[in-house]
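The next block holds one structure in the form of structure tokens; read it before the comments.
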Amino acid sequence: MKDIHITREMLRAMDDQHPLSVPIDAIQANITAYSKWFDGLPGITHYETDEISWRINQLDVPENYVYKTRLTAENVDQRLDEILQQLKQHTTHIDWPLYRTCTPADLDEKLIERGLSISRLPWLLAELADLPDISAPDPAFHIEFVADEAMLAVWRDVSAAGFQMDSAQIFYDAYVRHDFDPNGDALHYIGYIGSQPVTSSTVLFAGGIAGVYDVSTSPEFRQRGFGTAITHASLKLAQTRNYRYACVLASDMGRSIYQKLGCSITVDIPEYRWTAEEHPAD
């Protein structure tokens, strides 16, 4: 399956019989599972009902997101106003993606009516049967599974350097609460040149799909194939576990890397953003 681009309009019109409906819905389930890793940390508020689920973070990362919207058409206007008022009590901004399963069908129009601005959340799907082989980027390069807290601290520092953040401590605090089982649902990897850690990644198996997160390479080691190699290793693990699909959020920097690795199905998920700065009188 090559170079398919699922647009906003196609996503909105897609029914359950579409051959890609299952992996596209699995992206939402995987993102939601990833979000829940952060539940219970200081500054994190996670709210979930049958109608809606969202996460608010008082720190800069991870971002604030709505993960599920299942409103009925009969009371959608009232409920949207109530939900936005509730969110405003917790934060000054939030991103509201509309996945294929979100209801009602005109929810996007309702959000625009309330002043939310639209952008895009581009995810890439890889059909793992098409995963290509790659050459090692350097004879000294090797990848190790994060097997304990000490290695997770190294992963934290590499990730912070790669994303050019002051600190990735919140990710350490979330991940360290889980075990380091190499056969588990969440695994973290570090790529090394000799003894120097240079790149990192995370793989989450949830929702029937493999989600690749946290792919990061320190700036001084970029353009040398290390990010490609650790992403390939993450996808290869999913293939070994007999997963058909893997997904990855496509940054501008990483898109070409992921496409070379067979991530050829682009899913443009509509994303709406509310900020207090744009709505000072609300």
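FYI, it's all coordinate maths here, none of it is from the lab. Predicted model only: the values in this text are computed from it and were never measured. Don't worry about glycine lacking a Cβ; one is built from the backbone with ideal geometry, like all the others, and counts go over all protein chains shown.
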Estimated distance in nm for a label pair at residue 120 and residue 18, the labels positioned 7 Å out from Cα along Cα-to-Cβ: 1.5 nm
On a straight-distance basis, which lysines could pair with residue 36 in a cross-link, Cα separation under 20 angstrom, same-chain partners fewer than 8 positions away excluded? 68
Formal net charge of residues neighbouring residue 218 (Cβ-Cβ distance under 12 Å; K, R +1; D, E -1): 0
Treating the angle as unsigned and between 0 and 90°, give the value, to the nearest 10°, between the Cα long axis of helix 226-240 and the longest Cα principal axis of the chain. 80 degrees
Averaged over every viewing direction, what's the projected area of the C-alpha convex hull for segment 179-264? Give it in nm², one decimal, please. 6.0 nm²
I need the Debye-formula profile for segment 85-188: one equal scatterer per C-alpha, no solvent, reported as log10 I(q)/I(0) at q = 0.13, 0.19 1/Å, two decimals. -0.88, -1.14
How large is the dipole of the chain about the Cα centre if only Lys and Arg carry +1 and Asp and Glu carry -1, each at its Cβ, rounded to the nearest 20 debye? 660 debye
In debye to the nearest 20, how big a dipole does segment 99-193 give about its Cα centre with +1 on each Lys and Arg Cβ and -1 on each Asp and Glu Cβ? 380 debye
Projecting the Cα atoms of 238, 228, 248 onto the charge dipole of segment 212-258, where Lys and Arg contribute +1 and Asp and Glu -1 at Cβ, the residue farthest towards the positive end is 238
Once the principal axes of the Cα atoms of segment 159-214 are found, what is the range along each, listed largest first in whole angstroms? 32, 26, 19
Starting from the Cα gyration tensor of segment 99-155, multiply each eigenvalue by 5, take the square root, and state the resulting semi-axes largest first in whole Å. 42, 20, 12
Using a Cα-Cα cut-off of under 19 Å, which lysines could be cross-linked to residue 236, ignoring same-chain neighbours fewer than 8 residues away? 2, 260
Any idea what the dipole of segment 134-282 comes to, in debye rounded to 20, about its Cα centre with Lys/Arg Cβ at +1 and Asp/Glu Cβ at -1? 740 debye
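Using the 2.2 N^0.38 Å rule of thumb for compact globular proteins, work out how the chain stacks up: its C-alpha Rg over that value, please.
1.03
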